[in-house]
Amino acid sequence: MPGSHNWRHRFKGHVSRWTVPREAILEFLSKSSKHMSAKEIYASLCKSYPGMGLTTIYRTLELLARMGFITKLTLGDGQSRYEFKSSEKEKHHHHLICTECGKIINYSEFLDEELKLVRKTEEKLAKKYDFKILDHNIEFLGLCKKCNKSKNITKRTEELKKKSKERVENAK
């Protein structure tokens, strides 16, 4: 896990300056194994940092995501979730996201196979669109075990199921 010294050094390459909120949020996320919303991060930090408002949290999270310190996951409930982005290969993972309850499952099986496909795709896209790809994020949307057994499926999940079925039909 990189320390604040490494984080501060990475900030020097950008126009942004190093601030207490940025360090506090990075420190908090680096120690958390959860996917946290801005409101959850705020609730966890507001007692220790009473001068740090929710707006500061949102702005800082967007900046940290753009800089590659954290990963932003956008869920169907309208709230993004954030997690610390480790540089260690063994911590690299992708996500299964339940469209009903918002549960996020990290998985790292099949990474070698996925990365071969992603690298090949990145090379072709980069060449075709003259685009430098810096990172990727793989998310699968669906229903977790608990929600899959439930009969109470929301309209959003029904719409996703319908779109998925239409894509399969159109691909034939």
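The values are calculated or read from the model by the stated rules, or taken from the named source; none is laboratory data. These numbers were taken from a predicted model, which means no experiment stands behind them. Every residue, glycine among them, receives a Cβ derived from its backbone with ideal geometry; neighbour counts consider all protein chains shown.
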Quiz item: Got a number for residues in the stretch 72-101 being in contact with a Phe, Trp or Tyr (Cβ under 7 Å, 6 or more places away or on another chain), modelled with pLDDT of 85 or more and either within 20 Å of E27 (Cβ to Cβ) or among the charged types (D, E, K, R) (or both)?
Solution: 1
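Condition check ((1) of a type in the set (G, A, S); (2) in the same structural domain as E139 (by TED's automatic domain parsing); (3) at negative phi) across all residues:
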{"position": "H35", "(1), (2), (3)": "no, no, yes"}
{"position": "C46", "(1), (2), (3)": "no, no, yes"}
{"position": "L54", "(1), (2), (3)": "no, no, yes"}
{"position": "T60", "(1), (2), (3)": "no, no, yes"}
{"position": "K72", "(1), (2), (3)": "no, no, yes"}
{"position": "Y82", "(1), (2), (3)": "no, no, yes"}
{"position": "C98", "(1), (2), (3)": "no, yes, yes"}
{"position": "G102", "(1), (2), (3)": "yes, yes, no"}
{"position": "L111", "(1), (2), (3)": "no, yes, yes"}
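Let's see how each residue does on (1) touching a Ser or Thr at 6+ places or on another chain (Cβ under 8 Å); (2) surrounded by 13 or more Cβ atoms within 10 Å (Cβ to Cβ); (3) at pLDDT 80 or above; (4) assigned to a helix (DSSP H, G or I):
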{"residue": "R10", "(1), (2), (3), (4)": "no, yes, no, yes"}
{"residue": "E27", "(1), (2), (3), (4)": "yes, yes, yes, yes"}
{"residue": "Y58", "(1), (2), (3), (4)": "no, yes, yes, yes"}
{"residue": "L64", "(1), (2), (3), (4)": "no, yes, yes, yes"}
